[in-house]
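The values are calculated or read from the model by the stated rules, or taken from the named source; none is laboratory data. Since the structure is predicted, the reported quantities are computational estimates derived from the model, not experimental observations. Cβ: placed from backbone, ideal geometry, glycine included. Neighbour counts: every protein chain shown.
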Amino acid sequence: MLIHGIGGSWRSWQLIIDALVAGGREVIAVDLPGHGATPSLAGEVSIRTLANAVTEFLEEHHLLGVDAVGSSMGARLVLELARRGGVLGAVVALDPGGFWRNWEIPFFYYSVAASVRLVRLLQPLMQALTHSPIGRTVLLPQFSSRPWQLPAALALDEMRTFAATPQFDELLYNLAYGEMQQGAPEGSMQAPLVIGWGYHDRVCPPQQAARVLALFPDARIYWFAHSGHFPQWDTPAETVRLVLAVTGGENLDKVLNTENISAKISGSWAAALGVGLLIAGSTWLLRRRFVLTTKH
């Protein structure tokens, strides 16, 4: 089962689904409540209520124990479901959100909020922008290490669903300021749990991986050396190899890398700050232009 991030849909996984099927996996790629074709939840929308909804879906379709891969908010969801026990089998959590601390919290919240605001304002131009390497570079530097290389159709899908997700703002706030993720005691995980992290993640910088591993001591870490926040976009073949290995019961000691990331971490927030300033400045200029246009 593949679980996308905030503002995404099952199509967020389109670069790896065929390869997973070719690798012998039956794939279920879901639209979370309020995303894609799935109706919104009534009442509170948070990690807790989304996890409850996913659990009900699995129970209804007799899928308890299914292996799962989550991305961003979806990675936080699969960690929560793994923590509860008896819901999932093997788990791969790719760059999970929700482990920001102190000043990182408002930085995450306001940078992503500004990014989404920009996406909403640009919807009339979105098809043209996403079909240009320059446009993709302007729109997606926070989420991809090489946005200009992403397929135009993928970028357009993501920008459309970002703008169309009705509860995006509430979810974003709850991710940043809501209930903190609980962990699972050592020895409590009955199936493999692997955390995948991009060296160049500008949403959830690499130093946050240590916080996840502290909460989930049974977890193992895999570093994507050439990826940003979405390894399934930036390094799809490598992502497929990891997922097939974890869900296929391979010896993880032969699969997982053990590179030292200390040098990579030092520059991560400088890059993120530059992205945040770019987004904030672009949004301010767009708002100014929009207001001037409507006045005249």
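Structural remarks
- Filtered by the rule that a residue be farther than 20 Å from Y109 by Cβ and either under 12 Å from the mean Cα position of the chain (by Cα) or surrounded by fewer than 18 Cβ atoms within 10 Å (Cβ to Cβ) (or both), the range 196-220 gives G196, W197, G198, A210, L213, A214, L215, P217, D218, R220.
- Contact annotation: residue pairs with Cβ atoms under 8 Å, 6 or more positions apart or on different chains, pairing a residue in the range 137-156 that is farther than 16 Å from A225 by Cα with a partner that is of a type in the set (F, W, Y) and crowded, with 17+ Cβ neighbours inside 10 Å, are L150/W233; L154/W233.
- The condition (being at pLDDT 95 or above and surrounded by fewer than 21 Cβ atoms within 10 Å (Cβ to Cβ)) is satisfied by just one residue among A90, A53, A42: A53.
- Residues that are small (G, A, S) and part of a helix (DSSP H, G or I), drawn from the range 124-177: A128, G135, A152, A153, A155, A163, A164, A176
Table: residues versus (1) modelled with pLDDT of 95 or more; (2) within 18 Å of F99 (Cβ to Cβ); (3) surrounded by 22 or more Cβ atoms within 10 Å (Cβ to Cβ); (4) in contact with a strand residue (DSSP E or B) (Cβ under 8 Å, 6 or more places away or on another chain).
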| site | (1), (2), (3), (4) |
| --- | --- |
| V194 | yes, yes, yes, yes |
| L244 | yes, no, no, no |
| K254 | no, no, no, no |
| T258 | no, no, no, no |
| V275 | no, no, no, no |
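- The set of residues from the range 82-123 being assigned to a loop (DSSP other than H, G, I, E, B), touching a helix residue (DSSP H, G or I) at 6+ places or on another chain (Cβ under 7 Å) and small (G, A, S) comprises G97, G98.
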